[in-house]
Amino acid sequence: MELFFWVESAGGYGSQKFSPLGSASMGLAVAAGDFDGDGRDDLAFGAPSELDWGGDHFPDGAVFTIQGSPSLRTEITSWTPWSVIDPADLGITGGDREVCPIGSGLDCTTLRSAAFGYATTTGDFDCDGREDLAIGAPAAVADGSLVAGAVGVVYGGAAGLGVGRTQTFTRSSLGIGERSRETDGFGQELAAGNFDGDVFQGRPCVDLAVASADLDSNAGGVYVLSGSPSGLAAAPAVTLEGSEQAPAVRALHLGQGGLPSPAPSTAGALFGSSLAITRADGDRYDDLVIGSPGDDDAKGKLYVLRGSALGLTAVDHVTLTRGAAAVGAGGGYFGGDWFGVTVSATAAGVVQGAALADVVPLDGSEAVAGAGLVRVVEVIDTAALSFGRTYAFTEESGSNDASGQWTLRESGHHGVAMLEPRPAFVRGRQRPARFSLETWPTSGGVLLPRTAPDCAGATATPNTLWPPTFGFVGVQVGVAHPAGIGVTVEITGVRQDERRGLLPDARLRGGGAVALRAERRFFLDGRVYHVAYRATAASGVSCEGEVLVCVPVHSGGTCVDGGARWSSTP
């Protein structure tokens, strides 16, 4: 298996390719995250098949990491792992099972694997400023059941990922009254996002969505674990499963409102077999994209569920089917397209879905079986979410290479592996470079401008506090974008030029709001608050700055800024 990397920088995109280990399915899952908090993304590769590495045997799979550096573009030329994560260190093991291919008669093989590393994703689950790694092992043994599945979480630290602090989840451990069952495939897909918008000391507490295949009926399900300063919660905040009723979501919100009542599962929907994160609207909550490729007689569907203060909700969600009109590449659509077999998304509300479709070539000749097709869809924020422009891409519509125009290939499955970038809005601060393997439309203006908000023009309302009542006054920081797109503002800290007393003089309220104490020392030259903030555009690009708020000595007076010398918060 070959791995291709596209590294984004100020000068554009550079690429790198290498072929590490073929027999271990290396690279079946790839994730990027700043595990050591040095401001650069590191990489994690899943190797879910049995392998020998450096004299060590990993029968249940393993995960390898590479440390990011300024010269990463030229460094990935040989296989030199930063660390190796063994599933045994997380208590995850596989079991021996006999596999008999269809039509093979007695030609069976005994296999032992937990498929550790089949799925990976990153997020700051404990809100400490360093990202953590979640690893799916859908073939792991749980409660004595084969292929029941497990998810391991390894937390980041100053030295990167280590097994000193870990968590392991199974379907039984969730506390929802259901035990792990054979062929559940728990952990087959993972996605990380801040669905409820909670923060700790200015850092987002990222949540984890885990998909279960439920291979016995192929209905599928998704379970959302909430992040917190102590790590991921043991019990899910949201449970989603395939349903016979529209919307095709069975949801148990576990005491939180806004989701439809439970309904019977639908066999074969494969709900949750692909997951991605986006932010379809301008709020501070991430949204979850769910593929259900077996839905509607395997035509397939794709769902976008909205985040909220209570977490994920099905209210105002949107559903995309394989037959949606598209501009761009041509192609016919047939039963068994499996639309949603892979989904991807960006922070700008652009969603991508792949289908294992038969595709009619642009010249109108006979359809090519299984050539594959990718749809790039703009999600619009209205009273209810809706889809805007949608584009279709096939291998045939790609750019030219040295050998000439790309052509459709039978069973090419174009788009079957798309790695979505980690949304920029879950980060603690802007990073100098980011990995990106997203499908980038060549025309049509689908993606929002990748330019920063106008931090130089930031405002504080009000910027003068009078009279000095010693009480708190709400102040809102506003930042606009040159292109007029949405901007989210987060207050990151408050300092002042006067020494404060025993009580704090500022309280962070979230959403770009802060409460400041209307007080100053009468015998000095006025108090100046320095309110630091981070502004993130809907396209994911951020900038940082500060605004000043004055508490004058006299009505109508001005303040003399003595500098951000003391913290205004506890």
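The values are calculated or read from the model by the stated rules, or taken from the named source; none is laboratory data. None of the values given here were measured: they were computed from a predicted structure. Cβ atoms come from the backbone with ideal geometry, glycine included; neighbour counts cover every protein chain shown. Ligands, DNA and RNA are stripped out before the accessible areas are found, and what is left, the full protein with its side chains, is counted by its heavy atoms. Shrake-Rupley method; radii C 1.70, N 1.55, O 1.52, S 1.80 Å.
Ordered from largest to smallest accessible area (heavy atoms of protein chains, 1.4 Å probe), the residues His317, His554, His413 come out as His554, His413, His317. Ligands, DNA and RNA excluded, the heavy atoms of Arg500 present near 60 Å² of accessible surface to a 1.4 Å solvent probe. Ranking of Ser292, Ser308, Ser230, Ser365 by solvent-accessible surface, largest first: Ser230, Ser365, Ser308, Ser292 (1.4 Å probe, protein heavy atoms only, all chains present). With R₀ fixed at 45 Å, the C-beta to C-beta distance from Asp143 to Arg509 puts the FRET efficiency at about 0.50. When Rg and Dmax are taken over the Cα atoms of segment 459-570, they come to 14.3, 47 Å.
Note on Ala234 and Phe200: their simple-model spin labels are 1.7 nm apart, each label 7 Å out from Cα toward Cβ. The solvent-accessible area of Trp466, taken with every protein chain present and a 1.4 Å probe, is close to 110 Å².
Label Glu544 and Ala88 with points 7 Å out from Cα along Cα→Cβ: what is the distance between them in nm? For the pair Glu544/Ala88, the computed spacing is 4.3 nm.
Test of understanding: express the Cα radius of gyration of segment 120-166 as a ratio to 2.2 N^0.38 Å, with N the residue count.
Relative to the rule-of-thumb radius for its length, segment 120-166 sits at 1.32.
In plain terms, the chain from Asp561 to Thr459 could stretch by 35.0 nm, reckoned as 0.36 nm per residue minus the Cα-Cα distance. Distance between the modelled labels on Arg165 and Ala480, one decimal in nanometres: 4.3 nm (7 Å Cα→Cβ projection). Counted residue by residue at 0.36 nm each, then reduced by the alpha carbon distance between them, the extension gain from Ser69 to Thr407 reaches 118.0 nm.
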